[in-house]
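Asker: Got a structure for you, questions after.
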Amino acid sequence: MSNFLDQLFSRKPSSATQAKERLQLVLINDRTALTPKALDNLKDDLLEVLSRYIEIDAEAVQIDLTRKGREQRLIANVPISGPQQRQY
Amino acid sequence: MAAKIITITSGKGGVGKTTATANIGAALAKNGNKVACIDADIGLRNLDVVLGLENRIVYDLVDAVEGRCRLRQAMIRDKHIPGLFLIPSAQTRDKTAVSPSDMVRLCNELRPDLDWILIDSPAGIERGFRNAIAPADEVIVITNPEISAVRDADRIIGLIEAEEKGPGQLIINRLDLKMVQQKNMISAEDVVDLLAIKLLGIVPEDKEVVISTNQGIPISTNDHSLAGEAFRNIARRMLGESVPFLDLEEKGLLKRFTSIFGSGGN
């Protein structure tokens with residue numbers, strides 16, 4: 001009961017919610033065999049390649065692994081900033 | 001007759017593979033089916049004690065595979081339920097005594113005389129697991145609503161898909177309704193959402209399971225047990241009946257609970 005009251009009066013997520021959120025991340029890492037560190041490296045490399053061709057705001061780029069059913073997907077949302085100058 | 005071969009597996013140990021095999025087997029046999037339960041956990045024999053048949057073992061799976069007895073001689077008839085048979089695992093050998101092709105050959109020999117062959121897989125993802133899934137027509141993945149069991153179930157589902165044995169069907173075992181309502185246990189709905197395979201059944205936590213296992217009598221023969229009813233429902237679904245899931249009640253209760261206290265949902 002004290003546990004229940006704790007939850008009612010605090011903003012702390014329930015242990016069930018914590019378990020689900022942790023599992024969502026762990027399953028994506030397990031299924032893709034990508035560690036969070038490797039995913040960060042992938043994002044950095046991707047940004048570097050993209051910026052060779054287009055002007056981008058690195059802060060605005062979103063790269064995420066998502067899952068739908070048992071399928072994983074890498075989704076990149078890359079806003080292109082400003083009028084582009086032809087590079088060559 | 002040509003039996004359907006179902007392997008029950010989980011990755012993690014202790015989630016209820018053996019209990020599920022015994023109880024689904026008993027419930028299918030009670031419905032008039034001829035069922036063989038094979039204990040594929042070589043070296044760690046357990047299905048015999050759960051079914052209460054430990055004193056009747058003469059020959060085992062490895063004896064049959066290595067030709068020391070005919071397959072029929074390794075099939076132990078259940079004491080109470082006609083049509084239910086056990087092929088016990090060997091206790092003194094290791095998992096390398098049997099190969100995946102041995103299991104396929106053995107099951108093919110059994111298939112014509114039975115309606116169902118249930119294979120109780122060992123925990124883990126090694127040889128014993130490969131042996132257990134090699135002959136399977138379909139795979140049942142069993143898990144508990146716990147972070148480690150769900151993670152291992154997901155890994156197993158990936159391996160089953162890689163072996164082209166389909167994604168499998170899911171049993172969520174030992175769900176504590178009260179803990180789910182208090183939001184201290186992952187709900188059945190969330191487990192299904194995470195693992196994304198077809199749900200075959202939800203078995204509630206039930207102290208009666210320990211008691212009936214002590215006695216060597218499958219809980220699915222107990223009309224007053226919730227877990228027993230859940231296992232009977234699983235068998236009915238396998239036989240093609242559509243039986244509603246427990247979580248419909250669970251959601252109803254949860255809704256009522258949250259509306260009384262005015263706290264938001266998830």
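The values are calculated or read from the model by the stated rules, or taken from the named source; none is laboratory data. If you're wondering where the values come from, they're calculated on a predicted model, not measured in any experiment. Ideal geometry is used to build each Cβ from the backbone, glycine not excepted, and the neighbour counts take in all protein chains shown.
Asker: Inspect the stretch B:86-101 for any residue being crowded, with 18+ Cβ neighbours inside 10 Å, over 18 Å from the mean Cα position of the chain (by Cα) and closer than 22 Å to residue B:217 by Cα and give the result as yes or no.
Answerer: Within the stretch B:86-101, one or more residues are crowded, with 18+ Cβ neighbours inside 10 Å, over 18 Å from the mean Cα position of the chain (by Cα) and closer than 22 Å to residue B:217 by Cα.
Asker: Separate question: Looking at (1) without any contact (Cβ under 8 Å) to a residue 12 or more places away in the chain; (2) more than 19 Å from residue B:152 (Cβ to Cβ), find the lone condition where residue B:193 falls short.
Answerer: (2)
Asker: Could you tell me whether the stretch B:14-24 includes any residue that is surrounded by fewer than 16 Cβ atoms within 10 Å (Cβ to Cβ) and within 30 Å of residue B:191 (Cα to Cα)?
Answerer: For the stretch B:14-24, residues surrounded by fewer than 16 Cβ atoms within 10 Å (Cβ to Cβ) and within 30 Å of residue B:191 (Cα to Cα): present.
Asker: Scan the stretch B:80-119 for residues that are modelled with pLDDT under 95 and of a type in the set (Phe, Trp, Tyr) and jot them down.
Answerer: none
Residues checked against (1) touching a helix residue (DSSP H, G or I) at 6+ places or on another chain (Cβ under 8 Å); (2) within 12 Å of chain A (Cβ to nearest Cβ); (3) farther than 29 Å from residue B:62 by Cβ:
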residue: B:132; (1), (2), (3): yes, no, no
residue: B:135; (1), (2), (3): yes, no, no
residue: B:153; (1), (2), (3): yes, yes, no
residue: B:164; (1), (2), (3): no, no, no
residue: B:171; (1), (2), (3): yes, no, no
residue: B:177; (1), (2), (3): yes, no, yes
residue: B:187; (1), (2), (3): yes, yes, yes
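Asker: Condition first: modelled with pLDDT under 90, within 14 Å of another protein chain (Cβ to nearest Cβ) and not in a helix (DSSP H, G or I). Can you find one or more residues in the stretch A:13-32 that meet it?
Answerer: no
Asker: Scan the stretch B:209-263 for residues that are part of a helix (DSSP H, G or I), under 15 Å from residue B:176 (Cα atoms) and modelled with pLDDT under 95 and jot them down.
Answerer: B:226, B:247, B:248, B:249, B:250, B:251, B:253, B:254, listed by residue number.
Asker: Restricting to the stretch B:88-101, what's the tally of residues that are of a type in the set (S, T, N, Q), assigned to a helix (DSSP H, G or I) and within 17 Å of residue B:136 (Cβ to Cβ)?
Answerer: Qualifying residue count, the stretch B:88-101: 1.
Asker: Can you tell me which residues in the stretch B:49-82 are touching a strand residue (DSSP E or B) at 6+ places or on another chain (Cβ under 6 Å) and assigned to a loop (DSSP other than H, G, I, E, B)?
Answerer: Within the stretch B:49-82, B:51, B:53, B:75, B:78 meet the criteria.
Asker: Given the criteria modelled with pLDDT of 95 or more, surrounded by fewer than 16 Cβ atoms within 10 Å (Cβ to Cβ) and either closer than 18 Å to residue B:121 by Cα or not hydrophobic (A, V, I, L, M, F, W, C) (or both), does residue B:77 qualify?
Answerer: Yes, satisfied.
Asker: Out of the residues in the stretch B:198-208 that are of a type in the set (A, V, I, L, M) and within 18 Å of residue B:240 (Cα to Cα), state the one that is nearest to the other protein chains (Cβ to nearest Cβ).
Answerer: Applying the filter and picking the extreme gives B:199.
Asker: Another question, if that's okay. Whether any residue in the stretch B:102-109 is within 21 Å of residue B:9 (Cβ to Cβ), part of a loop (DSSP other than H, G, I, E, B) and more than 21 Å from the chain's Cα centre (by Cα) is what I want to check.
Answerer: No, the stretch B:102-109 contains no residue that is within 21 Å of residue B:9 (Cβ to Cβ), part of a loop (DSSP other than H, G, I, E, B) and more than 21 Å from the chain's Cα centre (by Cα).
Asker: Taking the conditions exactly as written (in a loop (DSSP other than H, G, I, E, B) and either of a type in the set (Gly, Ala, Ser) or touching a Cys at 6+ places or on another chain (Cβ under 6 Å) (or both)), does residue B:25 satisfy them or not?
Answerer: Answer is no for this residue.
Asker: Okay, next question. Scan the stretch B:134-162 residue by residue and report those that are under 13 Å from the mean Cα position of the chain (by Cα) and surrounded by fewer than 20 Cβ atoms within 10 Å (Cβ to Cβ).
Answerer: The answer is B:138, and nothing else.
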